[in-house]
Amino acid sequence: MICEKCKTQIPDDSKFCKECGVRLTPVPAPVRSSATAKPPSQAPAPTSPAPVKAPPPAPDPKQSPAPAANSAPLSGTATELSSNEMKPQLTILKYKLVFKIVSGPMAGKKYSIDEPAVVNIGRGTDCMIKIPKEMDPAVSRHHCRLDINPPKGELTDLGSSNGTYINELRLIADKKYELKTGDTFKIGENVFSVEIKPLKDDTEPAPK
């Protein structure tokens, strides 16, 4: 240590200066820390930013939302439709054409047709409605023809000698005329009435 007064170098454990006799103030020894000095902290390494997740796509309004897995059951009682209730009810009407001789030699005869057909009328042996010559000599061999497709019926004169009449009007040969309910047509001396009516569908269930 050094005396502050005379600047003389003296031992550290001396209490007085040997040169000037000044009382010395002991210098405290430096305190040593038993802890090991830590190196200066290093700055943390920069970390890469977390990836940004894309937002979920917006729901499509056209698509119905899927039902939740644990959704509560619907209240109420489900009604099961039978196959007959699910099918549309179609009503198919069938018709028949009825021709009745109301006056003439063959009065009282009736002919009913309920399916497509071609019916020749005359005194020929190949006619479906045959009017014999001895009963009505004014009838030609192939007098006229009925074209039937229910509910439609058409009458055509086949060039007969004495003509065919609907409601007392003579037909032009080889020209079709449509018949309706209430009409009458005349062949020779025989007059036929016309009736078009629906058939009862036997396949329909009986009313309860």
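Here, each number is a calculation from the coordinates, and none is a lab measurement. Predicted, not measured: the structure shown is a model, and the values here were computed from it. Using ideal geometry, Cβ is built from the backbone for each residue, glycine included, and neighbour counts are taken over all protein chains shown.
Across the cross-link table entries K94/K186; K110/K152; K110/K180, which are compared at the Cα atoms, the separations over 20 Å belong to K94/K186. In this structure, S193 and D114 have a Cβ-Cβ separation that, at R0 = 25 Å, corresponds to a calculated FRET efficiency of about 0.90. Spin-label model, D13/D174: points 7 Å from Cα along the beta carbon direction are separated by 16.4 nm.
Extension gain, R23-Y165: 0.36 nm per intervening residue step, less the Cα-Cα distance, totals 34.0 nm. Model label sites at T184 and E134, defined 7 Å from Cα along the beta-carbon direction, differ in position by 2.8 nm.
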